[in-house]
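To keep things clear, I will list the structure first and then write my remarks on it.
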Amino acid sequence: QVQLVESGGGLVQAGGSLRLSCAASGSILSIGSMGWYRQAPGNERELVASITRGGITNYADSVKGRFTISRDNAGNTAYLQMNSLKPEDTAVYYCNADVAVYPWDRGTVYWGQGTQVAVSS
């Protein structure tokens, strides 16, 4: 059983900062890429940022220069540092991870339960 638990969401004023965490636990052999997605009411879920095990990052154009994704040395926790937040960043933020449980496992994508980020103007 693999679990992803997000934390760090909340309410912040425009221009403020938040740091989200995503901790993976359970029967994990290895984790490939980890990512943050968000979904605002009425919108589809969209990629915010992703990071490979080797540290290669990718960002949505809307957050480049404001958000930074990182991972801890063990590779099982991902962070999303969000600076200069805007009202349009308001959404539920989800993390995902490509997890291998067995040596022959090609990886399965797991999702966290989501954490709410609200940015007031």
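The values are calculated or read from the model by the stated rules, or taken from the named source; none is laboratory data. Just so it is clear, the model here is predicted, and its values are computed rather than measured. Reconstructed Cβ throughout: ideal geometry from the backbone, glycine too, with neighbour counts over all protein chains shown. Please note that ligands, DNA and RNA were not included when accessible areas were found on the heavy atoms of the full protein model with its side chains. Shrake-Rupley method; radii C 1.70, N 1.55, O 1.52, S 1.80 Å.
Annotations
- Applying a threshold of 7 Å to beta carbon distances and a minimum spacing of six or more residues, or different chains, the list of pairs starting in segment 6-26 at a residue that is assigned to a loop (DSSP other than H, G, I, E, B) and ending at one that is aromatic (F, W, Y) and surrounded by 13 or more Cβ atoms within 10 Å (Cβ to Cβ) reads G9/Y93.
- Candidate set: segment 51-70, residues that are β-branched (V, I, T) and outside any strand (DSSP E or B); chosen: the one farthest from N96 (Cα to Cα): V63
- Enumeration of residues in segment 1-32 that are of a type in the set (V, I, T) and either in contact with a His (Cβ under 7 Å, 6 or more places away or on another chain) or closer than 20 Å to I56 by Cα (or both): I31
- Contacts under 7 angstrom Cβ, first residue in segment 104-121 being open to solvent by less than 40 Å² (accessible area, probe 1.4 Å), partner of a type in the set (K, R), 6 or more apart: V119/K86
- Close pairs (8 angstrom Cβ cut-off, 6 or more residues apart or separate chains): of a type outside the set (A, V, I, L, M, F, W, C) in segment 46-74, in a loop (DSSP other than H, G, I, E, B) and open to solvent by less than 30 Å² (accessible area, probe 1.4 Å) anywhere: E46/A60; R53/G75; R66/L85
- For segment 34-46, a residue qualifies if it is under 19 Å from A24 (Cα atoms) and either out of contact with any Ser or Thr (no Cβ under 8 Å at 6 or more places or on another chain) or not in a strand (DSSP E or B) (or both), and the qualifying residues are Y37, R38.
- Qualifying residue in segment 79-87 (condition: surrounded by 13 or more Cβ atoms within 10 Å (Cβ to Cβ), closer than 15 Å to V5 by Cβ and modelled with pLDDT under 95): no
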